[in-house]
1. Got at least one residue in region 110-133 being under 30 Å from residue 211 (Cα atoms) and either more than 17 Å from the chain's Cα centre (by Cα) or open to solvent by 10 Å² or more (accessible area, probe 1.4 Å) (or both)?
2. So residue 200 ticks every box in (1) open to solvent by less than 70 Å² (accessible area, probe 1.4 Å); (2) closer than 19 Å to residue 169 by Cβ; (3) not polar (S, T, N, Q) but one. Which box is left unticked?
3. For region 327-352, how many residues meet the condition of being of a type outside the set (S, T, N, Q) and touching a helix residue (DSSP H, G or I) at 6+ places or on another chain (Cβ under 8 Å)?
4. For the list (1) in a helix (DSSP H, G or I); (2) more than 24 Å from residue 408 (Cβ to Cβ); (3) of a type outside the set (A, V, I, L, M, F, W, C), I need the number of the one condition that residue 162 fails.
5. What about residue 411, is it in contact with a Cys (Cβ under 7 Å, 6 or more places away or on another chain) and either small (Gly, Ala, Ser) or over 19 Å from residue 445 (Cβ atoms) (or both)?
6. Just name the residue that is nearest to residue 307 (Cα to Cα) out of those in region 137-170 that are surrounded by fewer than 19 Cβ atoms within 10 Å (Cβ to Cβ) and polar (S, T, N, Q).
7. Can we say residue 275 is in contact with a strand residue (DSSP E or B) (Cβ under 7 Å, 6 or more places away or on another chain), open to solvent by less than 70 Å² (accessible area, probe 1.4 Å), of a type in the set (A, V, I, L, M, F, W, C) and over 22 Å from residue 310 (Cα atoms)?
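The values are calculated or read from the model by the stated rules, or taken from the named source; none is laboratory data. Please read these numbers as outputs of a predicted model, since none were measured by experiment. Cβ placement follows ideal geometry from the backbone for every residue including glycine, while neighbour counts extend to all protein chains displayed. Only protein heavy atoms, including side chains, enter the accessible area calculation; ligands, DNA and RNA are left aside. Shrake-Rupley method; radii C 1.70, N 1.55, O 1.52, S 1.80 Å.
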Amino acid sequence: MDLHLTLLLICLCSQGVTSVEVAENDSIPLVPLIPLMPSHPIENVENETTVQPETAATTEVPVILTTTITGPTGSSEQEEEQDGVCLSVSRSRQSREAIGAAIQKLGVQLLQNLETSPEQPNVIISPLSISLALSQLALGAVNETEELLMHHLHENTLPCYHESLHNVLEQLRDNDLQIATRIFLRQGFEPKQDFVDESKRLYDSEPAVLESLQQINDWVDNATNGKMSDFLSALPPNLLLMLINAVHFKGEWKARFDPRFTSRGVFYLDDKNMVDVEVMEDAKHPLSLFTDSELEAQVARFPFQKSMSLLVVMPMSGQVNVSSLSAKLNVSDLYRRLPKERSVQVKVPKFKLEYAQDLQDVFTKLGLGDMFSSPNLANMADGPLLVSSVMHKSIMEINEEGAEAAAATTVVISRASNPIFHLSQPFFFALMDDMTQVPIFMGVINNPNPGAPILQRGGFGNKDKVGFPIDKSQDGTFGGPPK
(Lines give C-alpha, C1' and ligand atoms only; values in the text may rest on other atoms or scores of the structure.)
Protein backbone atom coordinates (compact mmCIF):
# COMPACT_ATOMS: atom_id res chain seq x y z
CA MET A 1 0.00 0.00 0.00
CA ASP A 2 1.29 3.42 -0.88
CA LEU A 3 1.36 5.71 2.09
CA HIS A 4 0.93 9.42 1.82
CA LEU A 5 1.42 12.31 4.13
CA THR A 6 -0.71 15.17 2.95
CA LEU A 7 -1.29 18.67 4.16
CA LEU A 8 -3.57 21.37 2.88
CA LEU A 9 -3.96 25.02 3.74
CA ILE A 10 -6.52 27.42 2.31
CA CYS A 11 -6.96 31.19 2.64
CA LEU A 12 -10.42 32.51 1.73
CA CYS A 13 -11.06 36.16 1.03
CA SER A 14 -14.66 37.43 1.03
CA GLN A 15 -16.62 40.65 1.25
CA GLY A 16 -18.64 41.72 4.25
CA VAL A 17 -18.00 43.07 7.73
CA THR A 18 -17.55 40.23 10.14
CA SER A 19 -15.05 39.75 12.89
CA VAL A 20 -14.85 37.77 16.07
CA GLU A 21 -13.26 39.28 19.15
CA VAL A 22 -11.77 37.38 22.06
CA ALA A 23 -11.53 39.11 25.41
CA GLU A 24 -8.05 39.60 26.79
CA ASN A 25 -8.91 37.68 29.93
CA ASP A 26 -10.30 34.65 28.11
CA SER A 27 -8.14 31.61 28.75
CA ILE A 28 -7.59 28.58 26.60
CA PRO A 29 -6.61 25.31 28.32
CA LEU A 30 -3.11 24.14 27.55
CA VAL A 31 -2.70 21.05 25.44
CA PRO A 32 -0.72 18.12 26.83
CA LEU A 33 2.04 17.20 24.34
CA ILE A 34 5.20 15.31 23.59
CA PRO A 35 7.80 16.34 21.00
CA LEU A 36 8.70 14.67 17.77
CA MET A 37 11.71 15.81 15.82
CA PRO A 38 14.25 15.42 13.05
CA SER A 39 16.68 12.59 12.80
CA HIS A 40 20.24 13.75 12.51
CA PRO A 41 22.37 16.90 12.54
CA ILE A 42 22.12 19.26 9.63
CA GLU A 43 25.01 18.62 7.32
CA ASN A 44 26.91 21.39 5.60
CA VAL A 45 26.08 21.84 1.94
CA GLU A 46 29.10 22.19 -0.26
CA ASN A 47 29.61 25.49 -2.04
CA GLU A 48 26.64 27.16 -0.35
CA THR A 49 26.88 30.87 0.31
CA THR A 50 27.05 31.88 3.95
CA VAL A 51 26.65 35.20 5.69
CA GLN A 52 29.08 36.24 8.43
CA PRO A 53 30.57 32.79 9.13
CA GLU A 54 31.56 33.79 12.62
CA THR A 55 27.89 33.62 13.61
CA ALA A 56 27.17 30.35 11.85
CA ALA A 57 26.36 28.59 15.11
CA THR A 58 23.27 30.72 15.61
CA THR A 59 19.99 30.52 13.74
CA GLU A 60 19.71 34.28 13.31
CA VAL A 61 20.82 35.90 10.08
CA PRO A 62 22.37 39.32 10.73
CA VAL A 63 20.82 42.32 9.06
CA ILE A 64 22.83 43.33 6.00
CA LEU A 65 23.23 47.02 5.17
CA THR A 66 23.24 48.01 1.51
CA THR A 67 24.76 51.08 -0.12
CA THR A 68 22.37 53.57 -1.65
CA ILE A 69 23.15 54.39 -5.28
CA THR A 70 22.11 57.84 -6.46
CA GLY A 71 21.61 59.21 -9.92
CA PRO A 72 18.95 58.98 -12.62
CA THR A 73 18.79 55.18 -12.34
CA GLY A 74 19.72 55.01 -8.65
CA SER A 75 16.42 53.48 -7.55
CA SER A 76 16.59 50.67 -10.10
CA GLU A 77 20.24 49.94 -9.37
CA GLN A 78 19.59 49.91 -5.64
CA GLU A 79 16.73 47.44 -6.08
CA GLU A 80 18.97 45.20 -8.19
CA GLU A 81 21.67 45.31 -5.53
CA GLN A 82 19.14 44.47 -2.82
CA ASP A 83 17.85 41.57 -4.93
CA GLY A 84 21.40 40.29 -5.23
CA VAL A 85 21.92 40.50 -1.49
CA CYS A 86 18.66 38.64 -0.81
CA LEU A 87 19.64 35.98 -3.33
CA SER A 88 22.86 35.37 -1.38
CA VAL A 89 21.29 35.58 2.08
CA SER A 90 18.32 33.35 1.27
CA ARG A 91 20.57 30.50 0.12
CA SER A 92 22.77 30.55 3.22
CA ARG A 93 22.83 27.87 5.88
CA GLN A 94 21.94 30.43 8.56
CA SER A 95 18.84 31.41 6.61
CA ARG A 96 17.73 27.80 6.24
CA GLU A 97 18.24 27.12 9.93
CA ALA A 98 16.37 30.29 10.90
CA ILE A 99 13.36 29.30 8.77
CA GLY A 100 13.31 25.84 10.35
CA ALA A 101 13.56 27.28 13.88
CA ALA A 102 10.81 29.83 13.17
CA ILE A 103 8.36 27.22 11.88
CA GLN A 104 9.19 24.97 14.84
CA LYS A 105 8.47 27.80 17.28
CA LEU A 106 5.13 28.71 15.68
CA GLY A 107 4.08 25.05 15.75
CA VAL A 108 4.92 24.66 19.45
CA GLN A 109 3.13 27.94 20.30
CA LEU A 110 -0.01 26.71 18.55
CA LEU A 111 0.12 23.31 20.26
CA GLN A 112 0.71 25.03 23.59
CA ASN A 113 -2.56 26.95 23.30
CA LEU A 114 -4.92 24.56 21.50
CA GLU A 115 -7.62 22.82 23.50
CA THR A 116 -8.31 19.13 23.89
CA SER A 117 -11.59 17.57 24.98
CA PRO A 118 -12.94 14.07 25.68
CA GLU A 119 -14.39 14.06 22.17
CA GLN A 120 -11.13 15.37 20.63
CA PRO A 121 -8.23 14.32 22.89
CA ASN A 122 -5.47 14.69 20.27
CA VAL A 123 -4.00 17.67 18.43
CA ILE A 124 -2.53 17.38 14.92
CA ILE A 125 -1.49 20.44 12.91
CA SER A 126 0.84 21.35 10.05
CA PRO A 127 3.19 24.21 11.03
CA LEU A 128 4.60 24.28 7.48
CA SER A 129 1.20 24.80 5.84
CA ILE A 130 0.07 27.37 8.42
CA SER A 131 3.35 29.30 8.09
CA LEU A 132 3.06 29.23 4.30
CA ALA A 133 -0.50 30.61 4.46
CA LEU A 134 0.43 33.44 6.84
CA SER A 135 3.51 34.23 4.74
CA GLN A 136 1.48 34.62 1.55
CA LEU A 137 -1.05 36.69 3.49
CA ALA A 138 1.84 38.89 4.64
CA LEU A 139 2.64 39.71 1.00
CA GLY A 140 -0.64 41.63 0.95
CA ALA A 141 -0.08 43.36 4.31
CA VAL A 142 1.54 46.73 4.99
CA ASN A 143 2.75 48.77 7.95
CA GLU A 144 1.74 47.47 11.39
CA THR A 145 -0.05 44.39 10.01
CA GLU A 146 2.99 43.28 8.03
CA GLU A 147 5.19 43.88 11.08
CA LEU A 148 2.81 41.84 13.25
CA LEU A 149 2.81 38.89 10.85
CA MET A 150 6.58 39.03 10.34
CA HIS A 151 7.11 39.08 14.11
CA HIS A 152 5.05 35.91 14.61
CA LEU A 153 6.53 34.23 11.55
CA HIS A 154 10.22 34.77 12.32
CA GLU A 155 10.64 37.50 14.99
CA ASN A 156 12.44 39.70 12.45
CA THR A 157 15.51 37.45 12.40
CA LEU A 158 15.65 37.28 8.58
CA PRO A 159 16.25 40.35 6.39
CA CYS A 160 14.97 38.46 3.31
CA TYR A 161 12.25 36.27 4.81
CA HIS A 162 10.10 35.54 1.74
CA GLU A 163 13.12 34.69 -0.43
CA SER A 164 14.50 32.47 2.35
CA LEU A 165 11.21 30.58 2.73
CA HIS A 166 11.05 30.25 -1.07
CA ASN A 167 14.44 28.52 -1.09
CA VAL A 168 13.46 26.22 1.78
CA LEU A 169 10.31 25.22 -0.11
CA GLU A 170 12.42 24.41 -3.16
CA GLN A 171 14.67 22.18 -1.04
CA LEU A 172 11.65 20.45 0.50
CA ARG A 173 10.34 19.74 -3.00
CA ASP A 174 13.70 18.20 -3.88
CA ASN A 175 13.15 15.84 -0.94
CA ASP A 176 10.00 14.49 -2.60
CA LEU A 177 7.65 16.72 -0.62
CA GLN A 178 4.92 18.01 -2.93
CA ILE A 179 3.74 21.58 -2.26
CA ALA A 180 0.94 23.13 -4.31
CA THR A 181 -0.51 26.66 -4.11
CA ARG A 182 -3.24 28.54 -5.92
CA ILE A 183 -5.13 31.85 -5.82
CA PHE A 184 -8.86 31.65 -6.63
CA LEU A 185 -10.50 35.00 -7.47
CA ARG A 186 -14.18 35.87 -7.57
CA GLN A 187 -15.36 36.83 -11.05
CA GLY A 188 -14.75 40.56 -11.51
CA PHE A 189 -12.52 41.01 -8.43
CA GLU A 190 -9.04 42.31 -9.21
CA PRO A 191 -6.35 42.22 -6.52
CA LYS A 192 -3.27 44.37 -6.93
CA GLN A 193 -0.99 43.04 -9.64
CA ASP A 194 2.14 43.26 -7.50
CA PHE A 195 0.54 40.91 -4.95
CA VAL A 196 -0.34 38.41 -7.68
CA ASP A 197 3.14 38.66 -9.24
CA GLU A 198 4.97 38.22 -5.92
CA SER A 199 2.72 35.30 -4.93
CA LYS A 200 3.61 33.61 -8.20
CA ARG A 201 7.34 34.40 -8.01
CA LEU A 202 7.88 33.44 -4.38
CA TYR A 203 5.24 30.77 -3.76
CA ASP A 204 4.39 29.55 -7.28
CA SER A 205 0.76 30.54 -6.65
CA GLU A 206 -1.08 30.94 -9.95
CA PRO A 207 -4.35 32.93 -10.11
CA ALA A 208 -7.58 31.41 -11.41
CA VAL A 209 -11.16 32.65 -11.66
CA LEU A 210 -13.43 30.93 -9.12
CA GLU A 211 -16.26 29.17 -10.94
CA SER A 212 -17.78 26.73 -8.45
CA LEU A 213 -17.42 24.85 -5.18
CA GLN A 214 -16.64 21.69 -7.16
CA GLN A 215 -13.70 23.46 -8.81
CA ILE A 216 -12.09 24.08 -5.42
CA ASN A 217 -12.77 20.59 -4.12
CA ASP A 218 -11.38 19.05 -7.31
CA TRP A 219 -8.20 21.12 -6.96
CA VAL A 220 -7.79 20.03 -3.34
CA ASP A 221 -8.47 16.39 -4.22
CA ASN A 222 -5.85 16.49 -6.98
CA ALA A 223 -3.29 18.40 -4.88
CA THR A 224 -3.58 15.82 -2.08
CA ASN A 225 -3.52 12.77 -4.37
CA GLY A 226 -7.11 11.95 -3.46
CA LYS A 227 -6.58 12.11 0.30
CA MET A 228 -8.99 14.99 0.90
CA SER A 229 -12.10 15.10 -1.26
CA ASP A 230 -15.12 17.35 -0.65
CA PHE A 231 -12.97 19.65 1.45
CA LEU A 232 -15.54 22.48 1.49
CA SER A 233 -19.24 21.86 1.95
CA ALA A 234 -20.17 25.39 0.83
CA LEU A 235 -18.51 28.58 -0.34
CA PRO A 236 -18.34 31.41 2.22
CA PRO A 237 -20.64 34.33 1.38
CA ASN A 238 -19.23 37.39 -0.40
CA LEU A 239 -16.03 35.58 -1.37
CA LEU A 240 -13.38 37.79 -2.94
CA LEU A 241 -10.13 35.86 -2.83
CA MET A 242 -9.04 32.38 -1.79
CA LEU A 243 -5.42 31.42 -1.12
CA ILE A 244 -4.83 27.66 -1.11
CA ASN A 245 -1.75 25.60 -0.36
CA ALA A 246 -1.46 21.83 -0.09
CA VAL A 247 1.46 19.74 1.12
CA HIS A 248 1.70 16.05 0.30
CA PHE A 249 4.24 13.54 1.59
CA LYS A 250 4.56 9.83 0.94
CA GLY A 251 6.57 8.21 3.71
CA GLU A 252 7.73 4.61 3.96
CA TRP A 253 9.68 3.47 7.01
CA LYS A 254 13.30 2.52 6.45
CA ALA A 255 12.52 -0.49 8.62
CA ARG A 256 8.95 -1.66 8.11
CA PHE A 257 6.94 -3.49 10.74
CA ASP A 258 5.86 -7.02 9.89
CA PRO A 259 2.01 -7.15 9.99
CA ARG A 260 2.23 -10.74 11.28
CA PHE A 261 3.47 -9.42 14.61
CA THR A 262 0.77 -6.77 15.01
CA SER A 263 -1.55 -7.68 17.90
CA ARG A 264 -3.95 -6.21 20.43
CA GLY A 265 -2.38 -4.23 23.26
CA VAL A 266 -3.00 -1.29 25.58
CA PHE A 267 -2.19 2.42 25.60
CA TYR A 268 -2.05 4.02 29.06
CA LEU A 269 -4.01 7.29 29.08
CA ASP A 270 -2.87 8.13 32.64
CA ASP A 271 -2.17 6.31 35.91
CA LYS A 272 -5.80 5.15 36.17
CA ASN A 273 -7.10 4.58 32.64
CA MET A 274 -6.07 2.78 29.48
CA VAL A 275 -7.47 1.97 26.06
CA ASP A 276 -7.30 -1.06 23.78
CA VAL A 277 -5.22 -0.52 20.58
CA GLU A 278 -3.51 -2.40 17.77
CA VAL A 279 0.23 -2.56 18.48
CA MET A 280 2.99 -3.06 15.90
CA GLU A 281 5.98 -5.00 17.25
CA ASP A 282 9.58 -5.64 16.25
CA ALA A 283 11.98 -7.53 18.52
CA LYS A 284 15.10 -6.01 16.90
CA HIS A 285 14.09 -2.71 15.34
CA PRO A 286 16.92 -0.31 14.30
CA LEU A 287 16.21 2.81 16.36
CA SER A 288 18.02 5.94 17.47
CA LEU A 289 16.98 6.25 21.12
CA PHE A 290 18.09 8.09 24.25
CA THR A 291 16.74 9.33 27.58
CA ASP A 292 16.80 13.07 28.31
CA SER A 293 17.11 13.67 32.05
CA GLU A 294 16.00 17.31 31.89
CA LEU A 295 12.87 16.53 29.90
CA GLU A 296 12.42 13.32 31.92
CA ALA A 297 11.47 11.63 28.68
CA GLN A 298 12.64 9.15 26.09
CA VAL A 299 13.43 10.47 22.62
CA ALA A 300 13.27 8.20 19.56
CA ARG A 301 13.69 8.73 15.83
CA PHE A 302 11.85 6.63 13.21
CA PRO A 303 13.39 7.45 9.78
CA PHE A 304 11.60 7.21 6.44
CA GLN A 305 13.26 6.00 3.25
CA LYS A 306 14.34 9.51 2.28
CA SER A 307 15.43 12.44 4.43
CA MET A 308 12.34 12.68 6.60
CA SER A 309 11.83 11.34 10.11
CA LEU A 310 9.25 10.90 12.80
CA LEU A 311 10.70 12.01 16.11
CA VAL A 312 8.84 11.01 19.28
CA VAL A 313 9.25 12.40 22.80
CA MET A 314 7.49 10.35 25.49
CA PRO A 315 7.63 11.73 29.05
CA MET A 316 8.12 9.07 31.69
CA SER A 317 5.37 10.67 33.78
CA GLY A 318 2.78 9.46 31.28
CA GLN A 319 1.49 12.99 30.61
CA VAL A 320 2.42 15.49 27.93
CA ASN A 321 2.21 19.12 29.03
CA VAL A 322 3.22 21.45 26.24
CA SER A 323 3.61 24.45 28.52
CA SER A 324 6.19 22.84 30.81
CA LEU A 325 7.80 20.89 27.98
CA SER A 326 8.30 23.88 25.67
CA ALA A 327 10.38 25.70 28.28
CA LYS A 328 12.97 22.92 28.15
CA LEU A 329 12.52 21.62 24.62
CA ASN A 330 15.00 22.43 21.86
CA VAL A 331 14.12 20.30 18.86
CA SER A 332 17.32 20.99 16.93
CA ASP A 333 19.41 20.19 20.01
CA LEU A 334 17.61 16.87 20.49
CA TYR A 335 18.14 16.12 16.82
CA ARG A 336 21.87 16.70 17.14
CA ARG A 337 22.09 14.50 20.24
CA LEU A 338 20.44 11.46 18.70
CA PRO A 339 22.88 8.53 18.90
CA LYS A 340 23.60 5.89 16.29
CA GLU A 341 20.88 3.35 15.66
CA ARG A 342 20.87 0.12 17.64
CA SER A 343 18.58 -2.90 17.88
CA VAL A 344 15.64 -2.10 20.13
CA GLN A 345 12.51 -4.04 21.08
CA VAL A 346 9.86 -1.67 19.75
CA LYS A 347 6.08 -1.45 20.19
CA VAL A 348 4.15 1.31 18.43
CA PRO A 349 0.36 1.77 18.27
CA LYS A 350 -1.35 1.85 14.90
CA PHE A 351 -3.78 4.74 14.56
CA LYS A 352 -5.80 6.87 12.19
CA LEU A 353 -6.93 10.15 13.76
CA GLU A 354 -8.78 13.29 12.74
CA TYR A 355 -8.57 16.81 14.17
CA ALA A 356 -10.61 19.96 13.49
CA GLN A 357 -10.30 23.34 15.18
CA ASP A 358 -11.10 26.99 14.53
CA LEU A 359 -7.76 28.75 15.07
CA GLN A 360 -9.10 32.27 15.56
CA ASP A 361 -9.04 32.05 19.37
CA VAL A 362 -5.52 30.65 19.53
CA PHE A 363 -4.18 33.24 17.06
CA THR A 364 -5.84 35.98 19.11
CA LYS A 365 -4.25 34.65 22.27
CA LEU A 366 -0.86 34.60 20.56
CA GLY A 367 -1.23 38.30 19.77
CA LEU A 368 -2.64 38.23 16.23
CA GLY A 369 -6.03 39.63 17.24
CA ASP A 370 -5.60 42.69 15.04
CA MET A 371 -5.57 40.38 12.03
CA PHE A 372 -9.25 39.67 12.76
CA SER A 373 -10.34 43.18 13.73
CA SER A 374 -8.37 45.87 11.89
CA PRO A 375 -5.68 44.55 9.54
CA ASN A 376 -4.06 46.66 6.85
CA LEU A 377 -3.98 44.49 3.72
CA ALA A 378 -3.55 47.38 1.30
CA ASN A 379 -0.99 45.47 -0.80
CA MET A 380 -3.62 42.82 -1.54
CA ALA A 381 -6.51 45.05 -2.62
CA ASP A 382 -7.97 48.50 -2.05
CA GLY A 383 -10.35 49.00 0.85
CA PRO A 384 -10.39 47.48 4.36
CA LEU A 385 -10.09 43.69 4.63
CA LEU A 386 -10.74 41.54 7.70
CA VAL A 387 -9.75 37.95 8.46
CA SER A 388 -13.02 36.65 9.87
CA SER A 389 -12.17 32.99 10.61
CA VAL A 390 -9.41 30.38 10.42
CA MET A 391 -10.35 26.69 10.32
CA HIS A 392 -7.85 23.82 10.40
CA LYS A 393 -8.63 20.16 9.73
CA SER A 394 -6.22 17.25 9.60
CA ILE A 395 -5.96 13.46 9.38
CA MET A 396 -2.98 11.29 10.27
CA GLU A 397 -2.43 7.55 10.02
CA ILE A 398 0.47 5.38 11.22
CA ASN A 399 0.74 1.73 10.13
CA GLU A 400 3.27 -1.01 9.36
CA GLU A 401 4.42 0.55 6.08
CA GLY A 402 4.78 4.21 7.08
CA ALA A 403 2.75 7.36 7.64
CA GLU A 404 -0.08 9.11 5.79
CA ALA A 405 -1.56 12.51 6.64
CA ALA A 406 -3.74 15.26 5.25
CA ALA A 407 -4.49 18.71 6.62
CA ALA A 408 -6.50 21.70 5.46
CA THR A 409 -6.81 25.25 6.74
CA THR A 410 -9.22 27.91 5.55
CA VAL A 411 -8.66 31.61 6.22
CA VAL A 412 -11.76 33.65 5.39
CA ILE A 413 -11.14 37.33 4.65
CA SER A 414 -13.96 39.86 4.34
CA ARG A 415 -14.10 43.52 3.82
CA ALA A 416 -13.95 45.61 7.02
CA SER A 417 18.02 -6.71 27.03
CA ASN A 418 17.69 -5.09 23.90
CA PRO A 419 16.43 -1.79 25.09
CA ILE A 420 12.64 -1.46 24.94
CA PHE A 421 10.68 1.41 23.48
CA HIS A 422 6.94 0.89 23.91
CA LEU A 423 4.90 3.91 22.84
CA SER A 424 2.12 3.13 25.27
CA GLN A 425 1.20 6.51 26.76
CA PRO A 426 0.56 10.10 25.56
CA PHE A 427 3.19 11.61 23.29
CA PHE A 428 4.01 14.67 21.19
CA PHE A 429 5.16 14.16 17.62
CA ALA A 430 6.64 16.17 14.78
CA LEU A 431 7.19 14.91 11.28
CA MET A 432 10.36 16.69 10.21
CA ASP A 433 12.42 17.34 7.13
CA ASP A 434 15.91 16.26 8.16
CA MET A 435 17.93 18.90 6.32
CA THR A 436 15.88 22.06 6.92
CA GLN A 437 14.37 20.90 10.23
CA VAL A 438 11.01 22.26 9.05
CA PRO A 439 8.13 20.53 10.89
CA ILE A 440 5.67 19.27 8.25
CA PHE A 441 3.24 18.01 10.89
CA MET A 442 3.09 18.33 14.70
CA GLY A 443 0.65 16.94 17.20
CA VAL A 444 -0.21 15.42 20.54
CA ILE A 445 -1.63 11.92 20.80
CA ASN A 446 -3.44 11.43 24.10
CA ASN A 447 -5.72 8.61 22.92
CA PRO A 448 -4.98 6.77 19.64
CA ASN A 449 -8.39 5.06 19.75
CA PRO A 450 -10.95 7.70 20.83
CA GLY A 451 -13.92 5.51 19.92
CA ALA A 452 -12.99 2.65 22.24
CA PRO A 453 -14.35 2.38 25.80
CA ILE A 454 -11.97 3.62 28.51
CA LEU A 455 -10.93 0.97 31.01
CA GLN A 456 -9.65 1.38 34.55
CA ARG A 457 -6.16 0.23 35.48
CA GLY A 458 -4.64 -1.59 38.41
CA GLY A 459 -5.81 -3.84 41.21
CA PHE A 460 -5.19 -7.41 40.06
CA GLY A 461 -1.61 -8.24 40.98
CA ASN A 462 0.57 -7.91 37.89
CA LYS A 463 -2.33 -7.36 35.52
CA ASP A 464 -4.65 -4.54 34.65
CA LYS A 465 -8.39 -5.03 35.09
CA VAL A 466 -8.82 -6.23 31.51
CA GLY A 467 -6.23 -8.92 32.09
CA PHE A 468 -3.34 -7.57 30.02
CA PRO A 469 0.07 -8.27 31.60
CA ILE A 470 2.06 -5.17 32.44
CA ASP A 471 4.99 -4.84 30.04
CA LYS A 472 8.00 -3.37 31.84
CA SER A 473 11.50 -2.85 30.56
CA GLN A 474 14.53 -4.05 32.41
CA ASP A 475 14.96 -0.80 34.27
CA GLY A 476 11.22 -0.39 34.86
CA THR A 477 11.04 3.02 33.20
CA PHE A 478 9.31 2.29 29.90
CA GLY A 479 6.88 -0.09 28.34
CA GLY A 480 4.58 -0.46 31.36
CA PRO A 481 2.21 1.85 33.18
CA PRO A 482 3.57 5.30 34.06
CA LYS A 483 5.18 5.66 37.44
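1. So far as region 110-133 goes, no, none of its residues is under 30 Å from residue 211 (Cα atoms) and either more than 17 Å from the chain's Cα centre (by Cα) or open to solvent by 10 Å² or more (accessible area, probe 1.4 Å) (or both).
2. All conditions pass for residue 200, except number (1).
3. So in region 327-352, the residues of a type outside the set (S, T, N, Q) come out as 327-329, 331, 333-342, 344, 346-352.
Add one more test, that the residue is touching a helix residue (DSSP H, G or I) at 6+ places or on another chain (Cβ under 8 Å), and what stays is 329, 331.
Within region 327-352, residues that are of a type outside the set (S, T, N, Q) and touching a helix residue (DSSP H, G or I) at 6+ places or on another chain (Cβ under 8 Å) number 2.
4. (2)
5. It is true that residue 411 is in contact with a Cys (Cβ under 7 Å, 6 or more places away or on another chain) and either small (Gly, Ala, Ser) or over 19 Å from residue 445 (Cβ atoms) (or both).
6. Per the criteria, the residue is 156.
7. Values: in contact with a strand residue (DSSP E or B) (Cβ under 7 Å, 6 or more places away or on another chain): yes; open to solvent by less than 70 Å² (accessible area, probe 1.4 Å): yes; of a type in the set (A, V, I, L, M, F, W, C): yes; over 22 Å from residue 310 (Cα atoms): yes.
Considered against the rule, which asks whether it is in contact with a strand residue (DSSP E or B) (Cβ under 7 Å, 6 or more places away or on another chain), open to solvent by less than 70 Å² (accessible area, probe 1.4 Å), of a type in the set (A, V, I, L, M, F, W, C) and over 22 Å from residue 310 (Cα atoms), residue 275 comes out as yes.
Listed here are the residues, each with its yes/no results for (1) aliphatic (A, V, I, L, M); (2) within 27 Å of residue 356 (Cβ to Cβ).
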| residue | (1), (2) |
| --- | --- |
| 226 | no, yes |
| 233 | no, yes |
| 253 | no, no |
| 257 | no, no |
| 261 | no, no |
| 275 | yes, yes |
